[in-house]
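Asker: First the structure, then my questions, so here it is.
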Amino acid sequence: MKINSARTVNEMISAISLAMDIEDGRKLYHGWRVAVLAVGINDALGDEGSNKLFYAGLLHDVGGVGLPHHLIHYLPHGRACKYAPDPLVLAHPLLSAEIISTMPGLDSTARPVLDHHENWDGRGFPRGLGAGEIANDAQVLKAADTVDLLLRAVPHPDVELLLSQIKAMSGIQVSASIAECTAEVAKTLFSDVT
């Protein structure tokens with residue numbers, strides 16, 4: 001039997017992403033949605049590296065495996081804020097980056113994953129980076145992650161509310177240009193969701 005190593009790696013990444021996203025017996029597809037959103041935002045910016053961001057989206061929370069109830073999926077919305085000081089929660093981006101850096105061909109994906117919880121205003125984690133210190137790809141990943149969480153926070157997403165929440169990210173969670181491109185992508189993808 002001949003093994004196609006690139007295909008095998010892709011299938012393993014997909015399997016890991018799906019396994020991370022099973023909660024209470026249902027598939028959340030969080031990693032897949034973040035991956036697709038990140039590629040869309042990156043393309044709207046006109047940046048290269050969409051493949052890197054796709055894999056980063058799929059695996060960005062792999063370091064959170066074992067945390068209760070996908071706790072890391074709820075941090076931006078206050079559902080799990082009481083856990084925010086938990087060192088395991090704060091360390092999950094670091095652990096995710098360490099895991100990803102060991103995967104063949106994904107070493108460049110580790111950096112945006114490490115920084116995907118950093119905020120433009122300097123109040124993020126794990127390193128407390130701020131404006132000018134956070135690469136575009138990490139901001140794109142953060143924006144995609146946040147949009148998916150915002151969409152899952154309500155049973156029937158309201159596109160106008162989503163767009164106002166994205167606008168509120170500008171200068172706080174991500175740069176103005178990232179927030180602008182995120183809003184463009186959200187309008188395109190979710191205009192029929194109301």
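Read-outs throughout are calculated quantities, based only on the coordinates presented, and are distinct from any laboratory measurement. As the structure is a computational prediction, the values presented were derived from the model and not from experiment. Heads up, the Cβs are rebuilt from the backbone with ideal geometry, glycines too, and the neighbour counts pull from every protein chain shown.
Asker: Once you have a ≥ b ≥ c as the square roots of the Cα gyration tensor eigenvalues for region 123-194, tell me rounded if a/c is under 1.5, and otherwise prolate or oblate according to whether a/b is larger than b/c.
Answerer: Prolate shape, in that a/c is at least 1.5 and a/b is the bigger ratio.
Asker: Please list, by residue number, every one of the GluC sites (Glu not before Pro) in region 80-167 that is coil in DSSP and has at most 14 other beta-carbon atoms within 10 Å.
Answerer: Sparse-neighbourhood loop GluC sites (Glu not before Pro): Glu133.
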